[in-house]
Structures are given as structure tokens and as C-alpha cells.
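This report refers to the structure that appears directly beneath it.
The values are calculated or read from the model by the stated rules, or taken from the named source; none is laboratory data. Just so you know, these numbers come straight off a predicted model, no measurement behind them. FYI the Cβ positions are ideal-geometry reconstructions off the backbone, even for glycines, and counts take in every protein chain you see. Ligands, DNA and RNA are stripped out before the accessible areas are found, and what is left, the full protein with its side chains, is counted by its heavy atoms. Shrake-Rupley method; radii C 1.70, N 1.55, O 1.52, S 1.80 Å.
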Amino acid sequence: MKDNLQLRDGKVILSEEPLVLETPLENLGEFITPTKLFYVRNHFPIPTIDKSKWRLRIEGEVDKPFEINFDELTRLESREIPVTLECAGNGRRFLEPKVKGVQWNIGGVSNAAWTGVPLATLLDRAGLKSSAIEIILEGTDHGLLDDPKAPRGEINFARSIPIKKVRDVVLAYQMNGVDLPPEHGFPVRAIVPGWYAVASVKWLQRIIATDKPFNGYYQTLDYSFWKREGDHARLTALSDIQIKAVITSPAEGETVAANSNLRVRGAAWTGHDEIIKVEVSSDNGSNWKEARLMGESKPNAWRLWEFNWQAPAKAGQATLIARATDSAGHTQPTTRDADRGSYMINHLAPIQVDVR
Ligand SMILES: Nc1nc2c(c(=O)[nH]1)N[C@H]1C(S)=C(S)[C@@H](COP(=O)(O)O)O[C@H]1N2
Ligand SMILES: [Mo]
């Protein structure tokens, strides 16, 4: 890692207020990211919440709105799932020309084991009306936005999911086996597997069933992209994670010995089914060789991989590119689609190493 990076608790500081911390490359190589090293992306100051006073309210298009406290929630049947969270702007630093927004390298992604109660359990108890089309997840965090197009006054962080996505969602109160730390959403956050992490609302305070599409700030003016449909481009909320493979070792610019046998390592993930193949090219994409997938495949969690590479005999620059394929047939695009704006950055990104 470069020496001039500012660190906090081992993570790279991208912003102090709001707090944005990136996971360093060398910590992306374990299946479970240690909680301390898990990336952080906040939009407002971290709310201080007293667990004993915390309540989650379920309301809107339901027959019996109700409130639940922390003890009641944690007594319900729970499940534990490994889920990879990726910020939709992860990799933004590689965009040319440069765009506004947090300049993530590749570490706006991490994987943890989340324990919580299925969202469906609470909606069943409330009795979801047939008029409900979306569920709004609202966080406790709030503030003013530095954007002339934003609503006047303070807003809360909020995001919606369509009813058909409800069955995947978990209301998590533990991360890697212990209470969530404040920066990751204490005491309860949503985990929306397979979607960009913006949907995984932290510091949950309200769950609102609605009969209209929710056009909140964080899914229209922010965290959206232009989807082409025939003659028209429609502003569409970011949802499914796009398939991607990253190289975590060697690092960009690292020196490697000429003619040596190197183990190239990395991670790959997708929002659709499972990763079935990762390939590596060391000749700018003319030839691809299959990498070895490590461990077992777990839905919505990344898959680590390794590849044995014989470094060139001649000194100079060498290029490595990784490319993933999933069981739904998706692979990474070679070029960038401009309609994606500053999000969903998964086009093939070569890294250069210095052969000596
Ligand atoms: N309440 C709330 N939830 C939020 C956010 C936020 O600022 N406030 N940021 C979102 C974004 S953009 C990301 S990438 C993830 C980051 O989760 P983490 O900080 O636990 O890594 O949280 C999402 N959930
Ligand atoms: Mo994000």
C-alpha cells in the first residue's frame, strides 16, 4: 500500500465527515473480512442509539402496525448468512474522465456473516395489504444535503425495495457473531443480498409499506443510472450488483521477480446466482487462463480465487486482468457504459506490475 494514505483502524480514510473508510487491498483476501477492517460508507453523522430505548416501527399499508424493541426482535427466529456488501461507486478511481464522488480504489467491498430476522417475519406479523408495492427502509441518520436539487431541510437516509425482494432481506443485529458496531448500523440494519449496499439501510428506525413507488433522494438524484429502453433512457434506481473480479495480490505497481512463479490472488462476486469461472489474462486480453476457485460457493458472498503465473523473463511492465463469469451467464464488459454515470464500475480493469 502507498505510504501517503491516511489510515484509521487500518482502513484508508476517504472522508472524515461523513465518515468513509476503504478496506485496504491486503485485507480483501480472506473470506470473512474482520469487522474492524470492513469498509464504511456513511452520508450523515453516526447516530448515537441506546439499545434499550430503540424501537423499530412497521407501518403503512399493513393491517396491524406495530413497534418492536431490541429484546423482542432478537428473540425471534434468526438466520446467519455471509453476504458481500459493495458500494455502487467502488472502483470509481479508475473512471476516465474523472467523475465526482468518493474516489474508491477497489476496497469499497467487504464480506461478513450477518445474523438477523427475516424482514418477512415482521411484515407477516403486521399483515401486509395487497395494495403494498414497495417497502421503505428508513434509517435514524439525517442531515442537510449540499445539493441544490435535494429537498429543503433535513432528510433521513432511506431506500425502498420492491415486494418481490422482501424474502431475501434480513434485519441484522450481529456482524461476525457480535453486536453491530456503531458505524455499521447499531443496533439493527437491513442486509439486502445481491444488491448494491446502498439498499442495506443502517440504523433502522421505520419500515413503511407503500402503495406508490418511493422516489426518495437516494434512489433518484443519487444512486441511480440511465437505463435505455428503446428510444428512451429512464432514470432507474441501482439494484443488482454487477459481476466483478478484482486482483488483490500482487498490488498495482508491485515489483515482481522476472521469470518467477507467482500466485495471483483475488476475489469475485455477482448479484446473480453464483460465480462459476474466473480467468486471468497476462497479454492484455488476447488469451485467458482459468483460475482456481477456493472454498465453497455461497450465494451472495464473494468467492476467493488463485492463479499461478509465470512472470515474464524480460524486465519491464506486465499487465494482469481478471474476468469473472456467473451461472446466469453474465461476464464483465470490456468497455465502460457511460449511462452508468459514476456507478456500477465492473468493466475489465488491468493492473500493472513491474518485472525486474
Ligand atoms: N442509514 C444509512 N444506511 C446506509 C448508508 C447511510 O449513509 N445511512 N450508506 C449506504 C451505503 S451507500 C453503503 S455502501 C453501505 C455501507 O455499509 P457499511 O458502512 O456497513 O460498509 O451502507 C448503506 N446504508
Ligand atoms: Mo455505497
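Computed quantities for the displayed model
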| quantity | calculated |
| --- | --- |
| Lone unmet requirement of (1) under 30 Å from Leu304 (Cα atoms); (2) outside any loop (DSSP other than H, G, I, E, B) for Ser160 | (1) |
| The lone exception for Arg159 - which of (1) basic (Lys, Arg); (2) under 27 Å from Asp273 (Cα atoms); (3) open to solvent by 10 Å² or more (accessible area, probe 1.4 Å) it fails | (3) |
| Residue check for Pro162: within 19 Å of the chain's Cα centre (by Cα) and free of Cβ contacts under 8 Å to residues at least 40 places away in the same chain | yes |
| Residues within region 31-44 that are more than 16 Å from ligand 2 (Cβ to nearest atom) and touching a Leu at 6+ places or on another chain (Cβ under 8 Å), tallied | 1 |
| Set Val198, Val178, Val170, Val188: member being β-branched (Val, Ile, Thr), touching a helix residue (DSSP H, G or I) at 6+ places or on another chain (Cβ under 9 Å) and surrounded by fewer than 23 Cβ atoms within 10 Å (Cβ to Cβ) | Val178 |
| Test set (1) within 20 Å of the chain's Cα centre (by Cα); (2) part of a loop (DSSP other than H, G, I, E, B); (3) more than 30 Å from Glu229 (Cα to Cα) - Glu296 fails condition number | (1) |
| Among residues of region 316-331, those that are surrounded by 13 or more Cβ atoms within 10 Å (Cβ to Cβ) and either within 21 Å of Pro250 (Cα to Cα) or at pLDDT below 95 (or both), counted | 7 |
| Pairs where the first residue, in region 71-98, is open to solvent by 80 Å² or more (accessible area, probe 1.4 Å) and the second is in a loop (DSSP other than H, G, I, E, B) and not polar (S, T, N, Q), C-beta under 7 Å, 6+ apart | Arg93/Trp104; Phe94/Ile345; Phe94/Ala349 |
| Matching option when the condition is over 26 Å from Glu134 (Cα atoms) and away from ligand 2 (no atom under 16 Å from the Cβ), among Glu17, Glu61, Glu72 | Glu17 |
| Contacts under 6 angstrom Cβ, first residue in region 275-298 being more than 20 Å from Pro82 (Cα to Cα), partner acidic (Asp, Glu) and open to solvent by less than 70 Å² (accessible area, probe 1.4 Å), 6 or more apart | Trp288/Glu279; Glu290/Glu279; Arg292/Glu306 |
| Matching entry among Asn215, Asn259 (being out of contact with any Cys (no Cβ under 6 Å at 6 or more places or on another chain), surrounded by fewer than 23 Cβ atoms within 10 Å (Cβ to Cβ), outside any strand (DSSP E or B) and assigned by TED's automatic domain parsing to the domain that holds Gln310) | Asn259 |
| Selection status of Gly285, touching a strand residue (DSSP E or B) at 6+ places or on another chain (Cβ under 9 Å), away from ligand 2 (no atom under 16 Å from the Cβ) and small (Gly, Ala, Ser) | yes |
| Test: residue in region 339-354 that is in a loop (DSSP other than H, G, I, E, B), open to solvent by 30 Å² or more (accessible area, probe 1.4 Å) and farther than 30 Å from Arg234 by Cα | yes |
| Candidate set from region 27-64 (those that are aliphatic (A, V, I, L, M), in a strand (DSSP E or B) and within 19 Å of Pro187 (Cα to Cα)); member that is nearest to ligand 1 (Cβ to nearest atom) | Val40 |
| When residues of region 1-20 are limited to those that are within 16 Å of ligand 1 (Cβ to nearest atom) and free of Cβ contacts under 8 Å to residues at least 24 places away in the same chain, the one least open to solvent (accessible area, probe 1.4 Å) | Ile13 |
| Boolean, Glu252 is of a type outside the set (Ser, Thr, Tyr), more than 16 Å from ligand 1 (Cβ to nearest atom), under 19 Å from Pro24 (Cβ atoms) and open to solvent by 10 Å² or more (accessible area, probe 1.4 Å) | yes |
| Boolean, Lys98 is out of contact with any strand residue (DSSP E or B) (no Cβ under 8 Å at 6 or more places or on another chain) and assigned by TED's automatic domain parsing to the domain that holds Lys165 | yes |
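Residues checked against (1) in the same structural domain as Glu30 (by TED's automatic domain parsing); (2) more than 13 Å from ligand 1 (Cβ to nearest atom); (3) among the hydroxyl-bearing types (Ser, Thr, Tyr); (4) touching an Asp or Glu at 6+ places or on another chain (Cβ under 6 Å):
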{"residue": "Val109", "(1), (2), (3), (4)": "yes, no, no, yes"}
{"residue": "Leu119", "(1), (2), (3), (4)": "yes, yes, no, no"}
{"residue": "Pro148", "(1), (2), (3), (4)": "yes, yes, no, no"}
{"residue": "Arg152", "(1), (2), (3), (4)": "yes, yes, no, no"}
{"residue": "Val166", "(1), (2), (3), (4)": "yes, yes, no, no"}
{"residue": "Met175", "(1), (2), (3), (4)": "yes, no, no, no"}
{"residue": "Phe186", "(1), (2), (3), (4)": "yes, no, no, no"}
